[in-house]
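Notes follow once the structure below has been shown.
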């Protein structure tokens with residue numbers, strides 16, 4: 001396989017207020033990659049409208065996610081930060097991939113099954129076509145930039161596998177045309193998943209078997225990035241636990257979903273391993289651990305929330321950052337898309 005530039009792409013959908021799961025599962029992992037890769041971080045607003053969004057909410061959430069990127073340590077001069085709809089090549093390549101991907105591949109996507117009413121898809125005729133086809137657009141988001149790695153949570157691994165399948169089929173189907181353009185081997189890379197460390201999937205504070213979500217019926221189950229210090233502390237101290245003390249090693253968390261979740265959150269916020277956390281707190285009860293976790297969460301999240309509020313309040317600055325990012329993204333996307341049009345056979 002030809003050598004591709006080490007390039008990372010990832011994005012977050014502006015479909016609700018950001019929460020701790022978005023931060024630990026994605027944004028916090030984005031920052032160190034600035035030092036080792038070319039990094040492109042998108043607010044995927046085109047994905048958001050696969051289900052209904054109030055337009056003003058969509059705008060607000062788009063700004064909030066971009067602000068969270070920057071407040072968490074992404075440097076707009078090092079990383080390309082933009083919103084997806086400003087780069088129309090995403091949609092064009094998404095359509096081409098709709099014609100490369102197979103319906104059977106899409107039918108296997110578990111997230112679609114969940115949103116369309118489970119395995120039987122009882123609600124499948126009522127959801128948007130975009131919801132069914134959006135994994136093709138996700139593949140386009142990644143492959144438009146020939147990204148070699150994507151930092152994704154566990155729930156997105158299946159979509160990244162689909163991205164690899166689409167890349168393989170495109171490379172195979174258009175082998176002659178790709179070589180005709182002077183490429184010795186594949187046009188698209190087979191993108192790798194970058195998932196490391198604890199808390200790759202943050203669970204509900206009320207039910208350790210459910211993913212933390214803004215749609216949860218209980219507001220106490222989710223820590224939002226804009227929560228104030230008192231609210232963060234209250235939610236952690238009221239989190240569901242069990243009567244046992246913390247174990248001294250990670251194996252002791254087996255079968256203890258709520259305990260494992262809180263320890264993983266602490267480990268991720270403290271940049272420690274689970275074993276390091278248990279070396280400090282093993283044998284302790286929740287009366288000691290929960291206040292320590294609350295203090296840690298407040299110390300990490302409060303400065304980010306404050307900077308997010310400042311940035312969101314300055315839309316002129318945010319618009320400038322997003323426009324600059326879109327210009328830099330297009331500088332990569334346009335020549336790639338021109339080659340893809342030639343490969344497919346479009347008259348230019």
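Does at least one position in segment 329-344 carry a residue that is surrounded by fewer than 17 Cβ atoms within 10 Å (Cβ to Cβ) and on the phi > 0 side of the Ramachandran plot?
Within segment 329-344, none of the residues are surrounded by fewer than 17 Cβ atoms within 10 Å (Cβ to Cβ) and on the phi > 0 side of the Ramachandran plot.
Provide a single number: the residues in segment 6-25 that are assigned to a loop (DSSP other than H, G, I, E, B) and either over 17 Å from residue 151 (Cβ atoms) or in contact with a strand residue (DSSP E or B) (Cβ under 6 Å, 6 or more places away or on another chain) (or both). Lay out the reasoning, then the answer.
First pass over segment 6-25, keeping only residues assigned to a loop (DSSP other than H, G, I, E, B): 6, 13-18.
Pick out the ones that are also either over 17 Å from residue 151 (Cβ atoms) or in contact with a strand residue (DSSP E or B) (Cβ under 6 Å, 6 or more places away or on another chain) (or both) and you get 14-17.
The total comes to 4.
Just for segment 94-112: of the residues that are crowded, with 16+ Cβ neighbours inside 10 Å and farther than 22 Å from residue 172 by Cα, which one is modelled with the lowest pLDDT?
Of segment 94-112, the ones crowded, with 16+ Cβ neighbours inside 10 Å are 94, 96-98, 100-101, 105-106, 109, 112.
Restricting the remaining residues to those that are farther than 22 Å from residue 172 by Cα gives 109, 112.
Details: 109: 84, 112: 73.
Top of the filtered list is 112.
Which one of these does residue 266 not meet: (1) within 21 Å of the chain's Cα centre (by Cα); (2) surrounded by fewer than 17 Cβ atoms within 10 Å (Cβ to Cβ)?
(2)
For segment 26-81, give me each residue that is exposed (fewer than 15 other Cβ atoms within 10 Å of the Cβ) and either part of a helix (DSSP H, G or I) or free of Cβ contacts under 8 Å to residues at least 40 places away in the same chain (or both).
Residues satisfying the conditions are 32, 35, 36, 52, 54, 55, 56, 57, 60, 77.
Yes or no: residue 308 under 18 Å from residue 24 (Cα atoms), buried (at least 17 other Cβ atoms within 10 Å of the Cβ) and touching a strand residue (DSSP E or B) at 6+ places or on another chain (Cβ under 8 Å)?
Values: under 18 Å from residue 24 (Cα atoms): yes; buried (at least 17 other Cβ atoms within 10 Å of the Cβ): yes; touching a strand residue (DSSP E or B) at 6+ places or on another chain (Cβ under 8 Å): no.
No.
With respect to residue 291, is the statement that it is modelled with pLDDT under 95 and either more than 29 Å from residue 142 (Cα to Cα) or over 29 Å from the mean Cα position of the chain (by Cα) (or both) true?
For residue 291, the condition - modelled with pLDDT under 95 and either more than 29 Å from residue 142 (Cα to Cα) or over 29 Å from the mean Cα position of the chain (by Cα) (or both) - is not met.
Tell me which of these residue 326 doesn't satisfy, since it passes every other one: (1) under 30 Å from residue 5 (Cβ atoms); (2) surrounded by 13 or more Cβ atoms within 10 Å (Cβ to Cβ); (3) at pLDDT below 95.
With respect to (1) under 30 Å from residue 5 (Cβ atoms); (2) surrounded by 13 or more Cβ atoms within 10 Å (Cβ to Cβ); (3) at pLDDT below 95, residue 326 is out only on (3).
Let me confirm something: among 341, 348, which residue is closer than 26 Å to residue 87 by Cβ and modelled with pLDDT under 95? Quick ask: steps written out before the conclusion?
Working: 341 fails: modelled with pLDDT under 95.
The match here is 348.
When the residues of segment 139-158 are filtered to those that are at pLDDT below 95 and in a helix (DSSP H, G or I), which remaining residue is surrounded by the fewest Cβ atoms within 10 Å (Cβ to Cβ)?
154
The values are calculated or read from the model by the stated rules, or taken from the named source; none is laboratory data. From a predicted model like this one, the values you see are computed outputs, not experimental measurements. When we count neighbours, we look across all protein chains shown, and the Cβ atoms used for this are built from the backbone with ideal geometry, even at glycine.
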